[in-house]
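Note sheet for the following structure.
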Amino acid sequence: MTTDGLEIDGLVVQVGETRVGPVHAEVAPGQVLVVAGPSGAGKTTLLRGICGLLPSISGEVRLHGRRLTDLPTEDRGLGYVPQSLALFPHRNAAANVRYPLEIRDREDAGPRAEALLQRFGIAHRAAAHPAQLSGGERQRVALARALAAEPTALLFDEPLSALDLLARDDMVELLRGVLERDSLPMVLVTHDPMTGFPLGDRFLFLEGGEARQVGSLSDVLQGPSTPFVARFLGFENVLTPGELGAAAGPFRRWLSSRSGPRGVAFPADALLLEPQGVDAGTAGPVDGGPWPARVRRWRVSSKGYRLNVEVEGIRLEAEVAREGGAPASPGRDVHILLREGAVCALGDR
């Protein structure tokens with residue numbers, strides 16, 4: 001592993017019945033590792049283990065080649081922003097930012113806090129207490145406080161989840177600016193990987209405390225390793241080898257021939273519908289089908305219409321553009337095509 005940046009080498013953390021790891025990942029300066037998973041997956045436990053707020057059972061954490069594992073939290077050189085933000089309610093914004101400098105007896109506590117508030121566009125709110133600040137303003141104060149003591153890496157727990165869309169976009173731009181200016185390795189925890197896509201360089205997916213996949217955004221989108229990762233990334237159609245079965249239907253055979261050891265996945269918009277009686281010659285060289293199917297139900301979606309169709313006993317989701325008018329009614333027989341380039345074999349990476 002590299003000695004430049006943050007290295008997580010086989011880290012195992014346990015609190016109560018929750019055990020996370022072993023986790024292997026690294027984050028270079030100026031890059032973001034997005035740790036994604038559902039509630040209870042162990043994301044916050046992992047982050048607190050990196051910080052030293054929870055003891056590790058095994059493994060190591062290194063920062064720029066320096067072993068952190070046995071150091072107390074305050075000596076690790078990490079800036080940590082918990083999901084609660086943990087701002088002191090009795091201190092105003094300026095006093096919150098000054099706090100990590102004051103406990104270190106830094107003489108420049110006042111000027112540095114003022115400069116950080118100015119940098120993040122909240123100097124005019126310096127005298128306001130947390131209860132008087134908006135969600136986005138509180139996030140900026142927490143970020144300023146995390147940077148006050150000049151850490152060499154930043155850790156964020158759900159920094160975007162409590163913000164509205166506009167404030168979320170502002171925070172993404174703010175974090176981009178921190179990455180460019182300070183060139184720190186950053187770990188960002190989220191239950192929604194979509195919020196991490198604009199920032200993430202690498203992604204770590206946790207399920208039940210276990211690391212299911214680590215890789216770049218292009219790696220995980222083009223080749224999710226497990227059904228869990230595929231579903232978590234938004235693939236509407238995920239079929240395991242057991243669900244594909246050994247039936248001899250042409251659709252099952254076609255999918256099985258493209259399946260990985262853990263199954264196959266494809267998005268709803270990869271499934272194309274044609275009316276009954278479609279000419280088999282209309283399927284292009286990159287498409288599979290057509291195969292007979294039956295519409296079971298449909299509803300309006302943000303992109304058009306979302307259909308549930310059944311083919312050879314398998315239920316699938318399809319996305320149909322609104323321009324073509326209302327889709328076939330439930331019980332109607334149709335034919336489906338599938339864009340082969342959108343089909344991902346699971347477990348090949």
- Of the residues L239, L165, L221, which single one is buried (at least 19 other Cβ atoms within 10 Å of the Cβ) and at negative phi? L239
- Note on the structure: Residues of segment 294-314 being without any contact (Cβ under 8 Å) to a residue 24 or more places away in the chain and in a loop (DSSP other than H, G, I, E, B), in sequence order, are S301, S302
- Selection status of A41, farther than 10 Å from G209 by Cα, under 17 Å from the mean Cα position of the chain (by Cα) and either surrounded by 23 or more Cβ atoms within 10 Å (Cβ to Cβ) or at pLDDT 95 or above (or both): no
- Restricted to segment 186-210 and to residues being over 16 Å from I8 (Cβ atoms) and over 8 Å from the mean Cα position of the chain (by Cα), the residue surrounded by the most Cβ atoms within 10 Å (Cβ to Cβ) is L199
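Yes/no matrix, rows are residues, columns are (1) out of contact with any helix residue (DSSP H, G or I) (no Cβ under 8 Å at 6 or more places or on another chain); (2) closer than 19 Å to A28 by Cβ; (3) without any contact (Cβ under 8 Å) to a residue 60 or more places away in the chain:
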{"residue": "R112", "(1), (2), (3)": "no, no, yes"}
{"residue": "R125", "(1), (2), (3)": "no, no, yes"}
{"residue": "S134", "(1), (2), (3)": "no, no, yes"}
{"residue": "L155", "(1), (2), (3)": "no, yes, no"}
{"residue": "L165", "(1), (2), (3)": "yes, no, yes"}
{"residue": "E173", "(1), (2), (3)": "yes, no, yes"}
{"residue": "G177", "(1), (2), (3)": "yes, yes, yes"}
{"residue": "S183", "(1), (2), (3)": "yes, yes, no"}
- Across segment 220-269, what is the number of residues that are outside any loop (DSSP other than H, G, I, E, B) and either of a type in the set (V, I, T) or modelled with pLDDT under 85 (or both)? 6
- Message: Considering only segment 108-130, I want to know if a residue exists there that is of a type outside the set (V, I, T) and in contact with a strand residue (DSSP E or B) (Cβ under 9 Å, 6 or more places away or on another chain).
- Response: no
- Task: Go through segment 224-235 and give me each residue that's under 15 Å from A270 (Cβ atoms) and buried (at least 19 other Cβ atoms within 10 Å of the Cβ).
- Result: P224, A230, L233, F235
- Task: Pick out the one residue from I122, I50, I57 that is crowded, with 20+ Cβ neighbours inside 10 Å and under 17 Å from V12 (Cα atoms).
- Result: I50
- Message: I want to confirm something. Restricting to segment 154-168 and keeping residues that are within 24 Å of R48 (Cα to Cα) and not in a loop (DSSP other than H, G, I, E, B), which single residue is farthest from the chain's Cα centre (by Cα)?
- Response: L154
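The values are calculated or read from the model by the stated rules, or taken from the named source; none is laboratory data. Being a predicted model, the structure only gives us computed values, none of them experimental. Positions of Cβ are backbone-derived with ideal geometry, glycine not excepted, and every protein chain shown enters the neighbour counts.
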